[in-house]
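Here's the structure we're looking at; comments come further down.
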Amino acid sequence: MTKPSDLQSLIGTEIGVSKWILVDQARIDAFAEITEDRQFIHVDPVAAAKTPFGGAIAHGFLTLSLASIMSYDAVAPLDGVVMGVNYGFDKVRFLAPVPAGSNIRGRFKLMSAEDKGGGRWLLKHELTVEIEGSDKPALIAEWLGMQMVGG
């Protein structure tokens, strides 16, 4: 765990890298069903093979939604945290498609840490989602999270 008093010294540094996560066709299909986004480039590998993608690709929002589990895996909560909440994004850019069957992982760099008073810390992380075997990331985002520290 990180002490709030140590946050300023961590700004600009990579603070964690998640495990690889498989984005297979079953996960893509499940996401398509729950979001009702059944565009053929996601759910029809045969038709998607005829596109410049060469096969089915994950929804950008599926890739982004996996940021939560990546964060749980890679970013230690603040010492004494009682709750953390997603505060939104300042920026999200989808840079490369994630082909079905790919592994992805998240790299987190602390960009800022703001003491909002009352034990509330607004943290901004740069999230880079890598695709295993690719030089180009799937996405880059500036993600805001509020951590509440008790005590």
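Restricting to segment 71-93, and then to whatever is charged (D, E, K, R) and either under 13 Å from the mean Cα position of the chain (by Cα) or modelled with pLDDT under 95 (or both), can you tell me which residue is nearest to GLU126 (Cα to Cα)? Can you show your working first?
At the first step, the residues of segment 71-93 found to be charged (D, E, K, R) are 73, 79, 90-91, 93.
Remaining after also requiring either under 13 Å from the mean Cα position of the chain (by Cα) or modelled with pLDDT under 95 (or both): 73, 79, 91, 93.
On the way: ASP73: 15, ASP79: 21, LYS91: 9, ARG93: 11 Å.
Only one residue tops the list, namely LYS91.
The set of residues in segment 120-151 being modelled with pLDDT under 95 and on the phi > 0 side of the Ramachandran plot consists of GLY151 alone. Is it fair to say GLY150 is under 27 Å from GLN25 (Cα atoms), out of contact with any helix residue (DSSP H, G or I) (no Cβ under 7 Å at 6 or more places or on another chain) and touching a residue at least 60 places away in the same chain (Cβ under 8 Å)? Criteria not met by GLY150. Taken over segment 124-135, residues that are closer than 14 Å to ALA96 by Cβ, in contact with a strand residue (DSSP E or B) (Cβ under 9 Å, 6 or more places away or on another chain) and of a type outside the set (Val, Ile, Thr) amount to 4. Pairs meeting the criteria (first residue in segment 23-36 and surrounded by 14 or more Cβ atoms within 10 Å (Cβ to Cβ), second residue aliphatic (A, V, I, L, M) and assigned to a helix (DSSP H, G or I), beta carbons under 8 Å, at least 6 apart or on different chains) are VAL23/LEU62; ARG27/LEU62; ILE28/VAL43; ILE28/LEU62; ASP29/VAL43; PHE31/LEU62; ALA32/VAL43.
Conditions (1) modelled with pLDDT under 95; (2) in contact with a strand residue (DSSP E or B) (Cβ under 9 Å, 6 or more places away or on another chain), marked per residue:
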position	(1), (2)
THR2	yes, yes
GLY12	no, yes
ALA47	no, no
SER65	no, no
ILE69	no, yes
LEU95	no, yes
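Within segment 125-140, being surrounded by fewer than 20 Cβ atoms within 10 Å (Cβ to Cβ) and part of a strand (DSSP E or B) holds for GLU126, THR128, ILE140.
The values are calculated or read from the model by the stated rules, or taken from the named source; none is laboratory data. From a predicted model like this one, the values you see are computed outputs, not experimental measurements. Here the Cβ is made from the backbone with ideal geometry for all residues, glycine too, and neighbour counts use every protein chain on show.
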